[in-house]
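Visitor: One structure coming up, written as structure tokens, with questions to follow.
What follows is calculated from the coordinates using simple rules that are stated; it is not laboratory data. Note that the coordinates shown come from a computational prediction; the quantities given were computed from them, not determined experimentally. Counting neighbours? That spans all protein chains shown, and the Cβs are built from the backbone with ideal geometry, glycine included.
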Amino acid sequence: MENCIFCKIIRKETKTDILYENNNILAFRDINPQAPVHILLIPKTHISTLNDLTGEERELIGDLILNASRLAEQEGIAKEGYRTGFNCNEAGGQTVYHIHLHLLGGRKLGWPPG
Ligand code: AMP
């Protein structure tokens, strides 16, 4: 996707703090962190929203979640706890239309989110 900011990150066209990469996914620090640790995990294929999943992406979604837990360990927040989540569409707070799993931690997170 030509103008998708996360596709640009995948193509290494922007300066990004990349923490993990494999053939299918990429993890990097959020540019506007909402917690001391705020990491985004994205698939390398462009999928706009969770509503666009077809059922063929089970392994890919598993890869995102598994690596979120690994990064939580690496960042030292696994034991105290953290939050992961996908936002979907406007009411869900989605602003970048390339699916991404947020990993947030390093402070006490409120519930429910605002
Ligand atoms: P969402 O609101 O769920 O769509 O989350 C999009 C996230 O992407 C926000 O937390 C933004 O701060 C983050 N973001 C947008 N552009 C960049 C970028 N170039 N590098 C890192 N994070 C970004």
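Visitor: Give me the angle, in degrees from 0 to 90, between the Cα long axis of helix 58-74 and the longest principal axis of the Cα atoms of the chain, rounded to the nearest 10.
Guide: Computed tilt is about 40 degrees.
Visitor: Now for a separate question. Expected output is a single nm value to one decimal: the length gained when fully extending between residue 23 and residue 46, i.e. 0.36 nm times separation in residues minus the C-alpha distance. What is it?
Guide: Working it through step by step, the gained length comes to 6.9 nm.
Visitor: Residue by residue through the range 104-114, what is 3J(HN,Hα) from phi via Karplus (6.51 cos²θ - 1.76 cosθ + 1.60, θ = phi - 60°)? Round to whole Hz and write x for glycine and proline.
Guide: 10, x, x, 8, 6, 9, x, 9, x, x, x
Visitor: Using only Cα atoms, what Kirkwood radius does the chain have, in angstroms?
Guide: 14.5
Visitor: What is the spin-label model distance, in nm, from residue 1 to residue 95 if the labels are put 7 Å beyond Cα along the C-beta direction?
Guide: With each label point 7 Å from Cα toward Cβ, the separation is 1.6 nm.
Visitor: Note the full-extension length gain between residue 75 and residue 8 as 0.36 nm times their separation in residues minus their Cα-Cα distance, in nm to one decimal.
Guide: Stretched out fully, the residue 75 to residue 8 stretch lengthens by 21.6 nm.
Visitor: Mind giving me the nanometre distance, one decimal, between the label points for residue 66 and residue 53, set 7 Å out from Cα along Cα→Cβ?
Guide: Label-label distance for residue 66 and residue 53, simple model: 1.6 nm.
Visitor: Of 105, 4, 85, which is farthest on the positive side of the dipole of the chain, counting Cα position, with +1 on Lys and Arg Cβ, -1 on Asp and Glu Cβ, and the Cα centre as origin?
Guide: Positive-end residue among those listed: 105.
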